[in-house]
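Report on one structure; see the data block that follows.
The values are calculated or read from the model by the stated rules, or taken from the named source; none is laboratory data. These figures come from a predicted structure and were not determined experimentally. So basically every Cβ, Gly included, is an ideal-geometry build from the backbone, and we count neighbours across all protein chains shown.
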Amino acid sequence: MYSREEVKQLKQLFWTKFGQYMSLHSAADGEKVSWMNYKTGVKHLYFKMDADNNTAKIAIIWSHTDAGIRALMAEQFLQYKNLLHDILGEEWEWDMDSCDEYGKPICQIYRTLEGHSIFKEEEWGELIAFFKPRMIALDEFWSSAKYAFDIFK
């Protein structure tokens with residue numbers, strides 16, 4: 001069992017190493033990008049990566065407080081579903097009625113990797129191999145689809 005401080009330090013070390021590794025890659029549009037804090041330019045719309053003691057998750061999350069806006073954004077993503085899955089090279093889960101860790105309503109499109117721990121440094125290679133191509137693919141998708149979401153800015 002890890003103390004709260006050890007958990008914080010291990011997570012911080014992993015994400016720092018991941019960020020350093022990803023800093024070698026430019027965005028699809030050739031610009032420099034902060035992979036860890038990816039800016040979609042749309043309020044309440046995020047690309048999020050997370051990992052814990054058994055699961056890694058990468059997701060597109062939108063969390064507008066207005067259910068109608070969340071539904072409109074979901075419709076917009078559905079219009080781009082085939083493009084998204086083609087660029088990702090795989091199908092992702094679509095959850096249009098979920099809540100975040102604070103109980104706030106969200107919609108999300110995500111992929112998980114089970115059985116790998118951020119607390120085991122020997123598994124960091126598998127976690128990076130999970131996150132890296134998917135984050136690069138999300139960036140490629142966003143460079144094509146972002147203009148359709150300008151109405152939500």
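Would you mention how many residues in segment 110-153 are assigned to a strand (DSSP E or B), among the aromatic types (F, W, Y) and over 12 Å from the mean Cα position of the chain (by Cα)? Break it down stepwise before answering.
Taking segment 110-153 as the starting set, the residues that turn out to be assigned to a strand (DSSP E or B) are 110-114.
Right, trim to among the aromatic types (F, W, Y) and you get 110.
Now restrict to residues that are over 12 Å from the mean Cα position of the chain (by Cα): none.
Summing the residues that are assigned to a strand (DSSP E or B), among the aromatic types (F, W, Y) and over 12 Å from the mean Cα position of the chain (by Cα) in segment 110-153 gives 0.
Only residues that are touching a residue at least 60 places away in the same chain (Cβ under 8 Å), assigned to a loop (DSSP other than H, G, I, E, B) and among the polar types (S, T, N, Q) were counted in segment 38-83, giving 3.
Listed here are the residues, each with its yes/no results for (1) of a type in the set (D, E); (2) under 22 Å from Q12 (Cα atoms); (3) at pLDDT below 95.
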residue	(1), (2), (3)
I60	no, yes, no
D66	yes, no, no
Q79	no, no, no
E90	yes, no, no
M96	no, no, no
G125	no, yes, no
M135	no, yes, no
A148	no, no, no
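Residue count for segment 18-35 under the criterion of being surrounded by 14 or more Cβ atoms within 10 Å (Cβ to Cβ) and closer than 17 Å to F130 by Cα: the result is 5. Just one of the listed residues (A71, A56, A51) is in contact with a Phe, Trp or Tyr (Cβ under 6 Å, 6 or more places away or on another chain) and small (G, A, S), and it is A56. Looking at the structure I just gave you, is H116 surrounded by 12 or more Cβ atoms within 10 Å (Cβ to Cβ), farther than 17 Å from F47 by Cα and not polar (S, T, N, Q)? For H116, the condition - surrounded by 12 or more Cβ atoms within 10 Å (Cβ to Cβ), farther than 17 Å from F47 by Cα and not polar (S, T, N, Q) - is met. Going by what's in this entry, would W94 be described as in a loop (DSSP other than H, G, I, E, B) and not basic (K, R)? It is false that W94 is in a loop (DSSP other than H, G, I, E, B) and not basic (K, R). Take the residues in segment 84-118 that are touching a residue at least 12 places away in the same chain (Cβ under 8 Å) and out of contact with any strand residue (DSSP E or B) (no Cβ under 9 Å at 6 or more places or on another chain), then tell me which one is nearest to F141 (Cα to Cα). My answer is I87. Whether any residue in segment 128-141 is crowded, with 16+ Cβ neighbours inside 10 Å, touching a residue at least 12 places away in the same chain (Cβ under 8 Å) and farther than 23 Å from Y80 by Cβ is what I want to check. Taking every residue of segment 128-141 in turn, at least one turns out to be crowded, with 16+ Cβ neighbours inside 10 Å, touching a residue at least 12 places away in the same chain (Cβ under 8 Å) and farther than 23 Å from Y80 by Cβ. Flag not set for Q9, criterion: surrounded by 14 or more Cβ atoms within 10 Å (Cβ to Cβ), farther than 16 Å from F130 by Cα and over 17 Å from the mean Cα position of the chain (by Cα). If only residues of segment 13-48 that are among the hydroxyl-bearing types (S, T, Y) and touching a strand residue (DSSP E or B) at 6+ places or on another chain (Cβ under 6 Å) are counted, the one that is farthest from I61 (Cα to Cα) is Y38. Summed over segment 22-37, the residues that are part of a loop (DSSP other than H, G, I, E, B) and in contact (Cβ under 8 Å) with a residue 24 or more places away in the chain give a count of 6.
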